[in-house]
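Beneath this line is the structure, given in structure tokens, with notes to follow.
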Amino acid sequence: MSIDVEAQLSDLKQKVENMQPGGEPKLSMIVFSGELDKLLAAMIIATGARAMGVQVVQFFTFWGTAALREPSVNVGGKDFMSKMFGWMLPKGRNKLKLSNMHMAGMGTAMMKDLMRKKNAPSLDQLFEIAAQLGVQIKVCEMSMDLMGFKREEMIEYPNLEFCGVATFLAEAKESSIQLFI
Amino acid sequence: MSIDVEAQLSDLKQKVENMQPGGEPKLSMIVFSGELDKLLAAMIIATGARAMGVQVVQFFTFWGTAALREPSVNVGGKDFMSKMFGWMLPKGRNKLKLSNMHMAGMGTAMMKDLMRKKNAPSLDQLFEIAAQLGVQIKVCEMSMDLMGFKREEMIEYPNLEFCGVATFLAEAKESSIQLFI
Amino acid sequence: MSIDVEAQLSDLKQKVENMQPGGEPKLSMIVFSGELDKLLAAMIIATGARAMGVQVVQFFTFWGTAALREPSVNVGGKDFMSKMFGWMLPKGRNKLKLSNMHMAGMGTAMMKDLMRKKNAPSLDQLFEIAAQLGVQIKVCEMSMDLMGFKREEMIEYPNLEFCGVATFLAEAKESSIQLFI
């Protein structure tokens with residue numbers, strides 16, 4: 001009988017281990033929105049979690065991908081539609097608008113000014129901190145294809161990956177926290 | 001003492017079982033938004049998860065319920081307010097607007113055109129795939145009542161259910177992934 | 001050997017306990033949005049969960065903080081920017097707009113009227129119910145500082161706390177449900 005107990009015990013242990021992968025909690029976040037305020041929230045949560053020892057994977061999709069564009073890069077050879085989207089979407093994280101109170105730019109400018117005065121970190125700084133802390137960023141290939149963005153247009157970020165929804169779901173399944181922003 | 005060990009073991013087993021219901025991971029999703037881009041994201045995530053063997057329950061509420069209207073159905077006997085809401089809200093998933101860049105219809109039309117060209121699945125196709133894969137759809141009764149929608153106005157979908165917030169919460173409690181879209 | 005079994009058993013028990021803190025499920029919710037419809041959803045989910053025996057912690061941040069302002073309170077000594085934000089942001093939960101169909105106030109007024117007719121609880125009532133049921137509300141200090149809100153401007157609510165993102169993450173890590181609204 002003691003063998004039976006040991007077998008059951010080992011079986012249970014395995015199950016418990018599987019429930020806490022690596023023993024480290026993980027946060028999976030879909031960054032769907034492309035507005036300044038939502039991006040700020042996403043990056044503050046991501047860097048905060050990482051600072052607390054939580055693994056963080058961000059999956060940028062749809063409007064979120066536009067926030068990852070590197071403003072200084074210009075890529076040729078795009079078809080008409082891709083050019084149109086390229087012009088209409090904000091070029092990188094310094095061109096994002098507030099989701100509320102944008103007011104033809106005045107609200108957004110006020111908010112940025114205020115953040116500087118209060119010493120709140122800017123999006124630029126938050127991406128830098130994220131890179132230093134090891135927040136993983138993955139970009140949705142389908143969204144990039146749809147909007148006509150090319151890989152070389154994306155910001156330089158350590159280990160930036162391009163992937164599909166399956167990759168996000170595989171991460172989300174073994175995460176203890178998931179957020180859609 | 002061995003009896004004590006067995007009792008403790010069986011107790012633990014029960015607790016572990018309760019933590020992983022059925023052994024199969026589950027995704028519970030609140031579809032609150034009624035915009036084309038958000039609906040696309042919701043359906044791509046739902047069908048993707050289902051394809052990976054994850055149980056999926058979608059709970060359509062507020063603006064999301066308007067996306068589930070069957071355009072060809074007209075129901076009479078509505079009071080004035082319900083008629084007003086019926087007119088103002090998009091009639092079904094082919095009338096939804098983008099949350100960004102709708103631009104009086106041009107942006108939304110461009111996006112739909114682009115999706116066709118890139119062979120990305122349309123919302124119609126995604127709902128069909130969802131039905132085939134067994135994504136469960138539940139509709140918030142309170143929202144339907146508020147906006148004056150009747151059950152016969154909703155799309156035909158296998159095992160479509162009408163329920164309240166308690167049903168969602170019961171599902172969410174035993175899910176490993178929850179999203180609010 | 002029986003000692004070894006007991007040690008392993010006790011170790012496992014501890015791990016399982018840690019996975020279900022207090023044995024009670026918990027919902028952590030970020031209330032980022034400040035629109036009437038989103039606030040309604042947040043409060044209906046929160047009170048519903050609490051009624052089902054789930055612990056609920058709401059973390060109000062960004063636009064969500066404006067919804068927590070007490071309309072009757074006026075605080076002096078603010079700098080110019082804080083005054084501007086104070087004027088532009090909705091003053092408390094009775095001034096919130098719908099995220100869709102606001103239509104210069106007509107849509108929002110219609111929705112409120114409809115809710116009264118259908119006996120759906122108002123935001124005022126939902127906050128009262130939340131307080132009675134013991135929904136915990138925490139307010140993001142960084143957002144308050146950014147928008148120039150002072151503590152005495154916030155609504156009276158039992159055990160209202162002011163905190164940072166780390167507090168939310170600590171709650172979220174040990175929650176079985178997390179939502180970003």
- So, of the residues in segment B:97-111 that are at the interface with chain A (Cβ under 9 Å from one of its Cβ atoms) and not in a helix (DSSP H, G or I), which turns out to be nearest to B:ALA67 (Cα to Cα)? B:SER99
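Restricting attention to segment B:72-82, does a residue exist that is at the interface with another protein chain (Cβ under 8 Å from one of its Cβ atoms) and at pLDDT below 90?
As a first pass, look at segment B:72-82 and keep what is at the interface with another protein chain (Cβ under 8 Å from one of its Cβ atoms): B:81.
Among the residues that remain, those that are also at pLDDT below 90 are: B:81.
Looking through segment B:72-82, at least one residue is at the interface with another protein chain (Cβ under 8 Å from one of its Cβ atoms) and at pLDDT below 90.
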- Message: Take the conditions over 13 Å from B:PHE149 (Cβ atoms) and touching a helix residue (DSSP H, G or I) at 6+ places or on another chain (Cβ under 9 Å) and apply them to B:MET43. Does it pass?
- Response: yes
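Do we have B:ALA109 as under 25 Å from B:GLY86 (Cα atoms) and at pLDDT below 90 here?
Working: under 25 Å from B:GLY86 (Cα atoms): yes; at pLDDT below 90: yes.
Here the answer is yes, as B:ALA109 does meet what is asked.
Report yes if some residue within segment B:92-103 is under 18 Å from B:TRP63 (Cα atoms) and in contact with a strand residue (DSSP E or B) (Cβ under 7 Å, 6 or more places away or on another chain); otherwise report no.
First, pick out the residues of segment B:92-103 that are under 18 Å from B:TRP63 (Cα atoms): B:92-100, B:102.
Still in the running and in contact with a strand residue (DSSP E or B) (Cβ under 7 Å, 6 or more places away or on another chain): B:92.
Scanning segment B:92-103 turns up at least one residue that is under 18 Å from B:TRP63 (Cα atoms) and in contact with a strand residue (DSSP E or B) (Cβ under 7 Å, 6 or more places away or on another chain).
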- When segment A:61-90 is checked residue by residue, the ones that are part of a loop (DSSP other than H, G, I, E, B), touching a residue at least 60 places away in the same chain (Cβ under 8 Å) and either on the phi > 0 side of the Ramachandran plot or of a type in the set (Lys, Arg) (or both) are A:PHE62, A:LYS78
- Message: Can you pull out every residue in segment B:144-170 that is over 18 Å from B:GLY77 (Cβ atoms) and either away from chain C (no Cβ under 14 Å) or buried (at least 20 other Cβ atoms within 10 Å of the Cβ) (or both)?
- Response: B:ILE155, B:GLU156, B:TYR157, B:PRO158, B:ASN159, B:LEU160, B:GLU161, B:PHE162, B:VAL165, B:PHE168, B:LEU169
- Message: Is it the case, given these coordinates, that C:GLY134 is touching a residue at least 40 places away in the same chain (Cβ under 8 Å) and either more than 22 Å from A:MET115 (Cα to Cα) or in contact with a Pro (Cβ under 8 Å, 6 or more places away or on another chain) (or both)?
- Response: yes
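Just checking, which of C:ALA166, C:ALA66 is among the small types (Gly, Ala, Ser) and farther than 30 Å from B:ASP145 by Cβ? Steps first, please.
Details: C:ALA66 fails: farther than 30 Å from B:ASP145 by Cβ.
Going through C:ALA166, C:ALA66 in turn, just one is among the small types (Gly, Ala, Ser) and farther than 30 Å from B:ASP145 by Cβ: C:ALA166.
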- Item | Subset of segment C:125-143 that is assigned to a strand (DSSP E or B) and not polar (S, T, N, Q) - its residue that is surrounded by the most Cβ atoms within 10 Å (Cβ to Cβ) | C:CYS140
- Item | Sole exception among (1) without any contact (Cβ under 8 Å) to a residue 12 or more places away in the chain; (2) of a type outside the set (Asp, Glu); (3) farther than 24 Å from A:ALA120 by Cα for C:LEU146, by number | (3)
- Per the filter on segment C:36-71, residues in contact with a strand residue (DSSP E or B) (Cβ under 8 Å, 6 or more places away or on another chain), of a type in the set (A, V, I, L, M) and more than 8 Å from every other protein chain (Cβ to nearest Cβ) are C:LEU39, C:ALA42, C:ALA46, C:VAL56, C:VAL57, C:ALA67, C:LEU68
- Determine, yes or no, whether B:LEU98 is aliphatic (A, V, I, L, M), at pLDDT below 95 and within 17 Å of the chain's Cα centre (by Cα). no
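Is it fair to say C:SER72 is surrounded by fewer than 19 Cβ atoms within 10 Å (Cβ to Cβ) and under 15 Å from C:ILE155 (Cα atoms)? Explain how you work it out, then say what you get.
On the way: surrounded by fewer than 19 Cβ atoms within 10 Å (Cβ to Cβ): yes; under 15 Å from C:ILE155 (Cα atoms): yes.
Answer is yes for this residue.
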- All-but-one check, C:LEU114 against (1) in a loop (DSSP other than H, G, I, E, B); (2) surrounded by 17 or more Cβ atoms within 10 Å (Cβ to Cβ); (3) not aromatic (Phe, Trp, Tyr), failing number (1)
- Expected single match for touching a Lys or Arg at 6+ places or on another chain (Cβ under 9 Å), under 30 Å from B:GLY86 (Cα atoms), at pLDDT 75 or above and surrounded by 14 or more Cβ atoms within 10 Å (Cβ to Cβ) among B:SER28, B:SER33 is B:SER28
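Considering only residues that are part of a helix (DSSP H, G or I) and within 23 Å of B:SER176 (Cβ to Cβ), which ones fall in segment A:144-175?
Correct list: A:VAL165, A:ALA166, A:THR167, A:PHE168, A:LEU169, A:ALA170, A:GLU171, A:ALA172, A:LYS173.
The values are calculated or read from the model by the stated rules, or taken from the named source; none is laboratory data. Note that the coordinates shown come from a computational prediction; the quantities given were computed from them, not determined experimentally. FYI the Cβ positions are ideal-geometry reconstructions off the backbone, even for glycines, and counts take in every protein chain you see.
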